[in-house]
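Beneath this line is the structure, given in structure tokens, with notes to follow.
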Amino acid sequence: PQYQEAYYGELKREEWGLLEVPRVESYRGLIFASFAEGMESLDAYLGEMKWYLDSVLNRTAAGWVALPGIHKWLLKGNWKLAAEQFGGDNYHVMAGHESMGRLGLVPPGKTSGDEPWVRDFEVRTDQGHGWINLAIPDPPAITEVLGAYQTRVQAEARQRLKPAQSALIGCTHVGNIFPHCSLLSFAGFLTVRLWHPRGPKRMEVWSWGLVEREAPPAVVDLERKMQILTFSPSGIFEQDDGEMWGECVEAMGGVYRRRFPLNYQMGAGHGRRDPEKPGLIHPPSTEISVFGFYERWRALMSDGIGVHA
């Protein structure tokens, strides 16, 4: 604007454009960018995580489409608390989201299904990514709307995916791509979000809602409403998490807390490899992928290379 009036025609606009990102790649419709020119390829960076992403993002040929708009909000808490929770903290569910059971969204007192190692498991990958898979049945009201469509998706997924992947259709999926890109599939919808640091005690959340491109209107409408109800700025479970993250930062920052050790035994040393699924696996609840997240973060903060942990 005002090229002549304000700049007298002297501004060399070609020298003052937007910063060019040297590395831009995509995977299953998700776009990733990096300013590190010498970084490994996206394919290598995602590594074992691709198997789990495919079980959600590649189950149909049509794929997913984003609902209009993006949610952005600020909240108290360190960004790593959000990333680690999506990557491997199923233990908090009944303590922080007990209302799930009372509302009938999950069976009361259940934080996972009844298929350990097969459809109920958590995963730690070598790259610091984490994944949670839960075979918790949807409530009847949701199944009534989604049931026929999910059956159709399952049939197509069997043609596109490996048997161990297609067997996960209908489960709840929660994952974190290191460091701060998370996704959650619940009650049919998919949310993809970024946890942007805004200082040590504050973060900004960017959240997109996705539905499958070929889903019937009734399914899309239900999934949109379920996302708003559960995982949105005003969602009942989103608000639970936000309050806990803020309180964690305050509690962990006190001088008195530093007088006492913390326990990190949950699941330690009990993960195992699976012949059909990549990564180190353990049934819920465990913190093996949380350990992996912080080991990767610590390695990067220590050597400054930013390529390999």
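Structural remarks
- Within the chain, helix-based [θ] at 222 nm, where runs of 4 or more DSSP H residues each add -39,500 (n - 2.57), nearest 500: -10500 deg cm²/dmol
- Ranking Y27, G113, V205 by Cα position along the charge dipole of the chain, where only Lys, Arg, Asp and Glu carry charges on their C-beta atoms, puts G113 farthest toward the positive end.
- Considering only E214, E14, E238, the mean-square fluctuation computed in a Gaussian network model of the chain, springs between alpha carbons under 10 angstrom, is largest for E14.
- Computed over the chain: relative contact order in percent, which uses C-alpha pairs under 8 Å that are six or more apart: 25
- GNM flexibility winner over the chain from M252, M244, M100 (Cα, springs under 10 Å): M252
- 20 Å Cα-Cα threshold exceeded, pairs from K50/K277; K162/K277; K72/K225; K80/K201; K50/K110: K50/K110
- Amide hydrogen neighbours beyond the local backbone of Y27, cut-off 5 Å, H modeled: F32
- Table column - 3J(HN,Hα) (Hz), region 49-54, Karplus curve with 6.51, -1.76, 1.60, x for Gly and Pro: 5, 4, 4, 7, 4, 4
- Couplings 3J(HN,Hα) for region 89-94, derived from phi with the Karplus relation 6.51 cos²θ - 1.76 cosθ + 1.60 (θ = phi - 60°), are 10, 8, 5, 7, 4, 6 Hz, where x marks Gly and Pro.
- Placed amide H near L190: partners under 5 Å, 5+ positions off or other chain: L210
- Assigned charges on the beta-carbon of Lys, Arg, Asp, Glu; region 47-303 dipole about Cα centre (debye): 520
- Å³ per residue enclosed by the Cα convex hull of region 47-303: 133
- Highest-fluctuation residue, V153, V255, V219 considered, GNM on the chain with Cα pairs under 10 Å: V255
- Under a 5 Å amide H cut-off, with hydrogens placed 1.01 Å from N, W73 pairs with V205 among residues at least 5 apart or on other chains.
- Derived scalar couplings between HN and Hα for region 235-243 equal x, 5, 8, 4, 5, 4, 4, x, 5 Hz in order, rounded to whole Hz, by the Karplus curve 6.51 cos²θ - 1.76 cosθ + 1.60 (θ = phi - 60°), x for Gly and Pro.
None of the figures in this text is laboratory data; all of them are computed from the coordinates on show. Because the structure is a prediction, the values reported are computed rather than measured. FYI the Cβ positions are ideal-geometry reconstructions off the backbone, even for glycines, and counts take in every protein chain you see.
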